[in-house]
1. Tell me, yes or no, whether the stretch C:313-322 has at least one residue that is at pLDDT below 95, out of contact with any strand residue (DSSP E or B) (no Cβ under 9 Å at 6 or more places or on another chain), aromatic (Phe, Trp, Tyr) and at negative phi.
2. Taking the stretch B:75-113, which residues are in contact (Cβ under 8 Å) with a residue 24 or more places away in the chain and over 19 Å from B:Tyr209 (Cα atoms)?
3. Can you find a residue that is in a helix (DSSP H, G or I) and within 13 Å of chain C (Cβ to nearest Cβ) anywhere in the stretch B:42-62?
4. Residues that are surrounded by fewer than 18 Cβ atoms within 10 Å (Cβ to Cβ): list the helices (runs of 4 or more DSSP H) wholly contained in the stretch C:313-419 that include at least 3 such residues.
5. Output yes when any residue across the stretch A:197-212 is assigned to a helix (DSSP H, G or I), aromatic (Phe, Trp, Tyr) and more than 24 Å from A:Gly71 (Cβ to Cβ), and no when none is.
6. All but one of (1) within 10 Å of chain B (Cβ to nearest Cβ); (2) crowded, with 23+ Cβ neighbours inside 10 Å; (3) at pLDDT below 85 hold for A:Gly316, so report the exception by its number.
7. Please count how many residues of the stretch A:213-231 are closer than 15 Å to A:Glu129 by Cβ and part of a helix (DSSP H, G or I).
8. What's the total number of residues in the stretch A:299-312 that are surrounded by 20 or more Cβ atoms within 10 Å (Cβ to Cβ), closer than 16 Å to A:Leu272 by Cβ and more than 7 Å from chain B (Cβ to nearest Cβ)?
Amino acid sequence: MTELQAEQAAAVPQPEAGLQRSRYFDVLIALAAFAVLAILPMLTGSKALLDFVIRCSAFGLFATSLNLLVGYTGLVSFGHGMFFGLGAYGFGLIMQRTGVPVPVAFVATLVITTIIAAVIGAICVRLKEIYFAFVTLAFQMLIHSTILSWVSLTGGDQGLRGGIPRPAFFGIDLSNHVHLYIASCALLVIGLLLMRQIAQSPFGYTLRMIRDNANRASFVGIDVWRAKLTIFVLAALFASTGGIIMALFVSGAYPEFAYWTISGEGIFINMLGGVTTFLGPMVGTVLLLILNDTVTRLTEYYGIVLGIVILFFAIGLRKGLMDFVVEWYTQRRNGPVE
Amino acid sequence: MPQWMLPLDLDALTGCLASSACLVTQTTSGFIIGMLLFLVAVGLTLIFGVLKVVNFSHGAFYMFGAYFAMTAYQFSGSFALAMLCGAAGTAILGLIFERVFMSRVYGADVLMQLLVCYAFVLIFDDVVRMIWGPEFKSMGMPAAFQVAPLFIAGGVVPPYYLLLIGVALAAAVILGLGLARTRIGKVIRAAAHNPGMVSALGINTGLIYGGVFALGGMLAGLAGALAAPVRSLTPGMGFSVLIESFIVTVIGGMGSILGALIGALLIGMIRSFGSLGFPLFTEGLMYLFMVIVLVSRPSGLFGKEVA
Amino acid sequence: MTRTRKPGVSRRATLAMMGAGAVTFAAPWVARAQAKTIKVGMPTILSGRVAQLGTSSRNGVMLEIEKVNAAGGLAGRQIEMVIRDSKGQPQEAARVARELVNTDGCEILIDAEASSGAFAVHEVARDLGVLCLHTNSETSALTADPKQHIPNAFRTARQGVHDSIVGGSYAAAIAKAKGLKKWATCSPDYAYGRDTTGEYVTYLKRFAPDIEIISESWPKLFQPDYTEVVTKILQAKPQALYSCLWGGDLTSYIDQANIYALFSQMEVFAVNMADYTALTVVKNLPKGIHSGNRYIKTYPATPENAAWGDAYKAKYNEYPTNWSWENATAIMLLAEASKKANSADGKKIAEALRGLKIKSPFGADGTVTMRAEDQTLVGYAIGWGTTIPQEPYVPQVQAGDWKTIFELEAEWKKSKGYT
């Protein structure tokens, strides 16, 4: 991760200064973003646009939470998708089997995710670099195999069938398209805001320190293992929330949600958008979904087109879009470096 | 039908362990699965060892090997030529892939390298679909091998699989000796250890890197070619093989050839005997084993210990 | 039956279309207004390992669409197919299906997804209320389970339970004649494989009660290597083997079992063998494998069926697959229902579809029927025979009896708690 880390380290602003002020600023931006999103259904009758935003919420939360691990802590997880799947299955199963109100199922899913993420994380975060990536991948595949094998609970490869019931609560009816849309937007904005707070908190700076030099961090008395585990679990919670939104969107849960390809897509989104800015993954999500939706409309040789776009980013730009934009902007402002 | 929770079929497993016929058959079947895996995995581990690149597109070379072999066999009818085309074609492909694309991202982030590989997984699958079509194909078993299986100590062993094991073992020995004894082998090992020093000595590291990639690609292509008579060919066929060879290299230790061999055989045996004991959880068993190895020895059974 | 429209409507429609075109150009998400052509959306799998499912489904559909359009379309509206790749991912299938309806303005969905994708599209149909014809999912629960039932979704595909009833009774007769008592099964470990095998065994035992299953193997779907499965079966030494592996998995399995000389040691019943994709691909097809019919132009042995198979071959330079006839049937039914309802409206077509019986080259008696009670296709040609390595591949097909199928299917539904 050398190149990116060095750039990132240089871009890190002073921690404590203006923390309070920037927090108000973040909340303000979040409120504004939510307001814009909430007005959208009144401006357009396009259900497809709302669908698009709902999917962006699901993948955006997932990708941004992955960036907490990859970009901020230097933990490259290849298995983050397992929590996306866990959220979808947990929520879907609770709703189908127990009939509790939606908020209860939501909280219960997050509790389950916390427990499982804590157990898996406790094992995984001991390992470094590529080995961490492999062990998370192995856990992901283990969970995927389990979903496929445990037919009586999960429905195996056919997924959770028959739709997810969603009784109305507090006047919110998630089977109504607009309600689901607003709820997804709310979850997205709140999720992003919380993650932003984590990233900008003293804990967030501890994570950056661990990423840049874990030894130094432990010398100054930081419990590296505990910090890594904490962020692993926190990231899992947001990924799980993304999974819940996806389960509501497709009204079901499928083993593909817990497959490694979802994790791969998350990594890809991060690289596409850039890992050095907080909103990079969000930009990447929008980019990938637009790319996916338009290219599949035009050709069935989707792989070639996507492959070439990836090559453009990986070999051409050598960084994500937001990284590129930020760099270009600072260069313009400060004049050429060197 | 057993539904879930490690549906252990202990009778089948113990019954097999008690019978020499079953033991021989299942052990050879473990060898067959393992040796093909080894050919793919050893390329992966070699490329990682020297170039420090996790070649995520390695499965595509296996796929191309199979398709090249099938086409060559269709035109010439010669099995030997088919194997040669499978191996040589992928070697050239590996060289081009490394020189034109991978060499551009060596200094970059690990994730960037992965992305380039991922891009080629997508591109190669579509290229195969364009050239050979989306439907599955079969090369067919050459007439020379359409003979009755051998019976050894009551166990069944097909002659073609003996050839397959032989070729893979030969590849393992040649590789092992070649790296240990020859000059080129020493240069490659040196390049893996300290590329700066090697290039300071006036040796073209680019050539070594390209060569290692070509060698890795060739081995995967050879595996694909050897598998072509018995496995159906489809775009995307490299994928499941890739995942299994990843497990092999991780278990054996990234960069270790001996590790790849042992890892491949272990996976072969798990598959072979696991299908008796845990018919519904054989796949899960492999991942479980991988987790256990990674947690107890992160660098794998034969990998160098990481700090 | 083509009705001429009033010019005013047409002009307005044209204007709307132009307007919609302009808007679409500006923003891809804005829904298009209803045009004179009727758009039929088709999410399917066009990439990856089962891309052939998508391509041969598409071929089957397009072959029929041409005829329907030449005859005036659906109630005077030309059909325009919008076919999209879901890459075999259920969430993509759901997304594509929604987009086809919401953005592209498709009024009917042909769901040519397999397995879980079909259930995902089914939920979209439930949500949007759009007319949906499932063409590839053979999982019986999709239409048999009342929890899945929605008035706007139909299935024009064969079903696992039908195959198993016919296969079970066919195999039982042979088992009795040849004294095959010890059986093994080897099927892919996913819903279709598990359900179909379970049902097959049930009916086999029902018709021949002294049969015993001595070994079960469950390879993964798309597993490249079956060596351990082959040897496991050899160890068990059964007299007969049942398998519902299909496509490339089946051909791999045959190639690998061949070199162990497995086929000379037992009778093999492979329900998915008699499909041209598998028959033409396997180079050393062993003689005498028992198989159910998938699509074969010699069964039913009618001029209509042979002509359809030849027309397909002439157009696409390959033989039809099982998926081809299932998708072609969807279009035939749509056209017929639309004629009967004299409308292209989804709800009216759905109404007309229930209980509709049409002439079909694929019918057991020259007709197929969309059964009203569970909205699934019945009466299609179904039978078993043994394979030979060259054309006509399955010289003799023993027809299944639909009366027995209906009886046993009703019983099966009851046992599952569906009725």
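1. Scanning the stretch C:313-322 turns up at least one residue that is at pLDDT below 95, out of contact with any strand residue (DSSP E or B) (no Cβ under 9 Å at 6 or more places or on another chain), aromatic (Phe, Trp, Tyr) and at negative phi.
2. B:Phe79, B:Ala82, B:Met83, B:Cys85, B:Gly86
3. Step one: list which residues in the stretch B:42-62 are in a helix (DSSP H, G or I), which gives B:42-51, B:58-62.
Checking the rest, the ones that are also within 13 Å of chain C (Cβ to nearest Cβ) come to B:59, B:62.
The answer is yes; a qualifying residue exists.
4. Qualifying helices (runs of 4 or more DSSP H): C:346-353, C:402-415.
5. no
6. The number of the failed condition is (2).
7. 4
8. Selection size over the stretch A:299-312: 1.
The values are calculated or read from the model by the stated rules, or taken from the named source; none is laboratory data. The structure presented is a predicted model; accordingly, all values stated were derived computationally and were not measured. Heads up, the Cβs are rebuilt from the backbone with ideal geometry, glycines too, and the neighbour counts pull from every protein chain shown.
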